[in-house]
1. Note down the net charge around P313, summing +1 for each Lys or Arg and -1 for each Asp or Glu among other residues with Cβ under 9 Å from its Cβ.
2. Looking at the P(r) of the chain, how many percent of alpha-carbon pairs lie beyond 39 Å?
3. If I take every Cα pair under 8 Å that is 6 or more residues apart in the range 215-272, average their sequence separation and divide by the length, what percent do I get for the relative contact order?
4. Go ahead and estimate [θ] at 222 nm for the chain from helices alone: -39,500 (n - 2.57) per DSSP H run with n ≥ 4, summed, over the residue count, rounded to 500.
5. Note the angle between two axes, namely the Cα long axis of helix 11-22 and the longest principal axis of the Cα atoms of the chain, as a number of degrees from 0 to 90, rounded to the nearest 10.
6. Give me the distance in nm between label points sitting 7 Å out from Cα along the Cα-to-Cβ direction at A33 and L117, one decimal.
7. Among the DSSP beta bridges whose two residues both lie in the chain, what percent are antiparallel, rounded to the nearest 5?
8. When a/c is below 1.5 the answer is rounded, else prolate if a/b is larger than b/c, else oblate, so apply that to the range 215-272 with a ≥ b ≥ c taken from the square roots of the Cα gyration tensor eigenvalues.
Amino acid sequence: MRILAAMSGGVDSAVAAARAVEAGHDVVGVHLALSRAGGTLRTGSRGCCTIEDALDARRVSDLLGIPFYVWDFSERFRDDVIDDFISEYKAGRTPNPCLRCNEKIKFAALLERAIELGFDAVCTGHYATLVDGENGLELHRASDSAKDQSYVLGVLNAQQLAHTYFPLGSTPSKALVRAEAAERGITVAQKPDSHDICFIPDGDTRGWLAEKVGAETGEVVDRTGAVIGTHEGAHAFTVGQRRGLHLGVPAPDGKPRFVLEVRPVTNTVVVGPKEALAIAEISGERFSWAGAAPSASEFACEVQIRAHSEPVPAQAFVTEAGVRVVPDVPLDGVAPGQSAVLYIGTRVLGQFTIDTTVSAVPVDA
Ligand SMILES: Nc1ncnc2c1ncn2[C@@H]1O[C@H](COP(=O)(O)OP(=O)(O)OP(=O)(O)O)[C@@H](O)[C@H]1O
C-alpha cells in the first residue's frame, strides 16, 4: 500500500512510520505545520509543531529512508480548530480541540490530500485499533488502556476508517514503543509525551481565552436566579469547576459551590451544590457513526464523556434529529460542547456533541 505517515516529531508517530516501512508499504512522511503563532513555534513550547518537532520528524524520515515533506495546514487549523474552540467557549460550551482536529484536519484535510495524491491510507501514532467486523471496519480501544485514544477518534466515519492505519494500537504499553524506538536508533525515543492543547504554548488556557474572548464582568447566580456574586469573565469557568469562585458570602448550607452552567448571552455563571452536578440525561443533534450505524434505534451501550473518564453503562435512543442517552448512574459535571462517545465493549459505535443536559436533582430539591 502507499502510506502517508503523519509525523509529529514525537516517538509514537516515528515508531508507527517505522512499522509501516517494515511491513513493506511504500511510505512517505509528512509533518503538518499547524500553527503560525510565535509562542507555539518556539523551543520548549508545549505545542505539537515547533521548528524542532519538524526537524525531529525529518531526522526520523532520513533514518527510515523515506521521502519527507512539511505541509502548511495552519490556515485550515486556524479556521476549523482554533476559531471553533474560541466560538464554542463564547457560546458557553466546552469543546475538545483534539477531537475536532481529528475530524477536520488529520482525517479530513490531510486524508483528502493524501487520497488525491494516490495514497491508500494515512498512518498515525494514535493508540486505537481497527477490526474487520461482520458489517465492515470497526474502531476499537487500544490494548494499552492508559494510552487509549479511541475517544478522540470517535468522530471518524466508515469512509475515513477505511483509509486509516494505526500500527501502535495493539502494542501492550507505551514503554514498549519507547524501547522499540531506542532499538531502532530513533533519536526521539525518550521525547516527553505531548499534553494539553497544542496551540496554547504555556498551557494557560484561561489566560489565552481571556485574550481571545475578552473578559467582561458578570453575575454569579444560584439555581433560583438569586445573585450571589460577580465574576470577571464567564469564559474562565467550566461546568464542575469549584476554584476561582470568589463568592464572599458562604452558601446557606455551608457547603462549597460548583459551576453548574455558563450562560454566555447574559454573561452569567450559575453555581450550586455538588449534588446538582449529577446529570441524568444528555442529548445532541450533531452525531456520527464510526463504521456501520447501529441496527436498532434504541440499544444498551456505554457512554464516555471525556478522553480519560470511566465509561458508564447507558441506554441510547437514536432518531433522525439526534441522539439521547440515559446513563444507568448519573454522570458527573457534564458540559454542553463535550463529546459523548458510545461504546459496546471495546468497540466505538460513534459519538455526538452534547447540546443539552438534564439534571438528576430538581432545582428546589
Ligand atoms: N504536527 C503534526 N504533523 C503530522 N502529524 C501529526 C502532528 N501532530 C500529531 N500528528 C499525528 O497524530 C498522532 C496523534 O497525535 P498526538 O498529539 O496525540 O501525539 P502523541 O500521542 O504525542 O504522538 P507522537 O509521539 O507521535 O507525538 C501522532 O502520532 C501523529 O501521527
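Each value in this text was obtained by applying a stated rule to the coordinates, not by laboratory testing. Given the structure is predicted, the values throughout are model-derived calculations rather than measurements. For neighbour counting, all protein chains shown are included, and Cβ atoms are generated from backbone atoms with ideal geometry for every residue, glycine included.
1. Working: positive: none; negative: E302, D328.
Its environment carries a net charge of -2.
2. Numbers: 13463 of 66430 pairs.
Roughly 20 percent, rounded to a whole number.
3. Numbers: 114 pairs, mean separation 23.0, N = 58.
Worked out over the range 215-272, it gives 40 percent.
4. On the way: 11 runs with 81 residues, N = 365.
That comes out to -5500 deg cm²/dmol.
5. 40
6. 1.5
7. Numbers: 49 of 66 bridges.
The antiparallel fraction comes to roughly 75 percent.
8. Working: a/c = 1.61, a/b = 1.49, b/c = 1.08.
Verdict is prolate for the range 215-272.
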